[in-house]
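A.B. asks: Could you have a look at this structure, given as structure tokens, before my questions?
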Protein chains: 2
Amino acid sequence: MREKLVEGFRNGIVVPQGLIAHGRGEMFDYLLGERTTKESRIASRAAAAVLLRAKKPVISVNGNIAALCPRDVVHLAEVAHARIEVGLFHRTDERVSKIQDVLYEHGAKDVLGFLPDAKIPGLEHMRGLCSKRGIYWADVVLIPLEDGDRAEALAKMGKKTIAIDLNPMSRTSRASTVAIVDEATRAFPELIRNSEDLQDDAKAIGEAVKKYDRDTNLRLMAKIMAKNLSGFLDR
Amino acid sequence: MREKLVEGFRNGIVVPQGLIAHGRGEMFDYLLGERTTKESRIASRAAAAVLLRAKKPVISVNGNIAALCPRDVVHLAEVAHARIEVGLFHRTDERVSKIQDVLYEHGAKDVLGFLPDAKIPGLEHMRGLCSKRGIYWADVVLIPLEDGDRAEALAKMGKKTIAIDLNPMSRTSRASTVAIVDEATRAFPELIRNSEDLQDDAKAIGEAVKKYDRDTNLRLMAKIMAKNLSGFLDR
């Protein structure tokens, strides 16, 4: 993964801040034992349910996600009938264009974000830019590795959001409708599987939503990490 | 700090892997509450004692340290009568030379590392290069933000090492004689203060060493972080 990010960085897709953010995630994943927990699976199933119930789902893609798992993004968009939009915190037209190209190379039909014509209220100009046909229009937005300000601003717009974020204490996790605390390249395939599994099964979709409580789930994730941290040196 | 590192990166001092490593450290510091704990102070005092007792102390400097606190490195070297050597995991002559220049700009008299003429046994060729007059010769090496392989190899050579590392579970922390679990730009001034304070006071030096037990200290640091992690979502 580090190599993919460093390569993405050399190709102008990933920003230096994205490398630092990846390091923060690495630490949390290390505390998780670099595995998908039972709690993450419950969150992923609820996320799939919210995605499938959505009328206007959109997947927001940033540089790190484009570097790490572009094919998974395209695959999930197909399964969930979701649109794809490039959404960047450190936005430049060049970077949006490069990320679009990566997604097209991996089979995307339509990638929004290049000529933004709408704004997410409450964010500094460049950080709030988005597409009328994409994030602005969406009822549900999947926000993998999203910045806290953007995540909170989307929630304030009344949108349901699905976060993929290794930090159970982050504002992104805590502002989202469903927070999947898992590493992105594991979380995407899991979310694809769950979306395929729940497809057209209204009963199972209802159960997946009912089984999930965000704050309880985040608390359990934090406790797993805390246990690993405090137990490590006792072994 | 992020800005200093990104600037160091643009100047060819910091490598992409250094940015990722910084992110990992950020997370641990976040779990510490971004402050120097009582336990870190005890470790810092013991570290100062070990430095002052050393006959041949050397400070190893990498890209992140040169970007973050070059003046502190020079200041500590003066106080502890230590030599300075550039020690890199991802070594290129160009980067060594640039880091030397930064240290000279901040007042260093002599910076070793550019024409390595010795090797740390047990490391891959480029990673083991060092100076006969510096790290190879040293009895005590200060290794802020050091890679685990290098830290272990130095310990195997019989050298005492003083780590500055935010991860209490890292191989660097656990292989060192004294492990200061603190953020580098806070740890350096603290170490300078303690070195000034203990200077020429053999009794206080002895007490500082006696008061410190590495494994107990690391365990306490991990527990502080674990408590913050598990308590966060209960508030």
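No lab work stands behind these numbers, since they all come straight from the coordinates. Computed from a predicted structure; not experimentally measured. Reconstructed Cβ throughout: ideal geometry from the backbone, glycine too, with neighbour counts over all protein chains shown.
A.B. asks: Please report the net charge: other residues with Cβ closer than 12 Å to the Cβ of A:Ala108, K and R +1, D and E -1.
C.D. replies: -3
A.B. asks: About the Cα centre of the protein assembly as shown, how large is the charge dipole given +1 on each Lys and Arg Cβ and -1 on each Asp and Glu Cβ? Please answer in debye to the nearest 20.
C.D. replies: Values: 74 positive and 66 negative charges, 183 e Å.
Charge dipole of the protein assembly as shown: 880 debye, to the nearest 20.
A.B. asks: Near the amide H of B:Lys119, under 5 Å away, which other amide H atoms are found, from residues 5 or more places off or on another chain, if H is placed in the peptide plane?
C.D. replies: Excluding prolines and chain starts, which carry no amide H, the hits are B:Cys130.
A.B. asks: Measure up B:Lys109/B:Lys159; A:Lys4/A:Lys109; A:Lys38/A:Lys211; A:Lys38/A:Lys210; B:Lys55/B:Lys203; A:Lys160/A:Lys210 against 20 Å on the Cα-Cα distance and list the ones that go over.
C.D. replies: B:Lys109/B:Lys159; A:Lys4/A:Lys109
A.B. asks: How many angstrom lie between the C-alpha centres of the range B:67-119 and the range B:182-235?
C.D. replies: Rounded to whole Å, the Cα centres lie 25 Å apart.
A.B. asks: Oh, and also: Using only Cα atoms, figure out Rg for the protein assembly as shown and give it as a multiple of 2.2 N^0.38 Å.
C.D. replies: Working: Rg = 24.3 Å, N = 470, 2.2 N^0.38 = 22.8 Å.
Against the empirical 2.2 N^0.38 Å value, I get 1.07 for the protein assembly as shown.
A.B. asks: How much of the pair distance distribution for chain A lies past 22 Å, counting alpha-carbon pairs only, in percent?
C.D. replies: Of all Cα-Cα pairs in chain A, 49 percent lie more than 22 Å apart.
A.B. asks: What FRET efficiency comes out for the pair B:Glu207/B:Arg41, r = Cβ-Cβ distance, R0 = 22 Å, nearest 0.05?
C.D. replies: Numbers: r = 14 Å, r/R0 = 0.63.
Computed FRET efficiency for B:Glu207 and B:Arg41 comes out at 0.95.
A.B. asks: Let me ask another. Using only DSSP helix segments of four residues or longer, with each worth -39500 (n - 2.57), what per-residue ellipticity at 222 nm results for chain B after dividing by its residue count and rounding to 500? Walk me through the numbers before you get to the answer.
C.D. replies: Values: 12 runs with 133 residues, N = 235.
So the helix-based figure for chain B works out to -17000 deg cm²/dmol.
A.B. asks: I would also like to ask the following. Take the Cβ-Cβ distance between B:Met126 and A:Lys132 as r, set R0 to 60 Å, and report the resulting FRET efficiency rounded to the nearest 0.05.
C.D. replies: 0.70
A.B. asks: Looking at the square roots a ≥ b ≥ c of the eigenvalues of the Cα gyration tensor of the range B:13-91, which shape do they give, rounded for a/c under 1.5, prolate if a/b is larger than b/c, or oblate? Each step should come with its number before you reach the end.
C.D. replies: Numbers: a/c = 2.38, a/b = 1.15, b/c = 2.07.
Verdict is oblate for the range B:13-91.
A.B. asks: Per residue of A:23-36, how many C-beta atoms from partner chains lie within 10 Å of its own C-beta, taken as a mean? Please list the in-between numbers first.
C.D. replies: Values: counts 11, 9, 4, 5, 10, 4, 0, 5, 7, 0, 0, 0, 0, 0.
Taking the mean over all residues of the peptide, I get 4.
A.B. asks: Rounded to the nearest 0.05, what FRET efficiency do A:Tyr104 and B:Asp117 give with R0 = 56 Å and r taken as the Cβ-Cβ distance? Could you check?
C.D. replies: Values: r = 52 Å, r/R0 = 0.93.
Efficiency, from the Cβ-Cβ distance: 0.60.
A.B. asks: Once phi is turned into ³J(HN,Hα) by the Karplus curve 6.51 cos²θ - 1.76 cosθ + 1.60 with θ = phi - 60°, what whole-Hz value does each residue of the range B:107-113 show in order, with x for glycine and proline?
C.D. replies: Taking θ as phi minus 60°, the curve returns x, 5, 8, 9, 10, 8, x Hz for the range B:107-113.
A.B. asks: Something else: Give the relative contact order (percent, whole number) for the range B:52-143; include only Cα pairs under 8 Å separated by 6+ residues. Let's see the in-between values first.
C.D. replies: Values: 154 pairs, mean separation 33.4, N = 92.
Relative contact order for the range B:52-143 comes out at 36 percent.
A.B. asks: Additional query: Looking only at other chains, what is the average number of their beta-carbon atoms within 10 angstrom of each beta-carbon in A:213-220? Numbers along the way, then the final one.
C.D. replies: Working: counts 0, 0, 1, 1, 0, 2, 4, 1.
For peptide A:213-220, the averaged partner shielding equals 1.
A.B. asks: Quick one: if you stick a label point 7 Å off each Cα along the C-beta vector at B:Glu3 and B:Thr185, how many nm between them?
C.D. replies: 1.0 nm
A.B. asks: Using alpha-carbon pairs under 8 Å, 6+ residues apart, how would you state the relative contact order of chain A in percent?
C.D. replies: Numbers: 423 pairs, mean separation 57.8, N = 235.
Relative contact order for chain A comes out at 25 percent.
A.B. asks: Would you please give the residues with an amide H less than 5 Å from that of B:Val86, counting only those at least 5 places away or on a separate chain, with H modeled from the backbone geometry?
C.D. replies: Answer set, sorted by chain and number: B:Val61, B:Leu112, B:Gly113.
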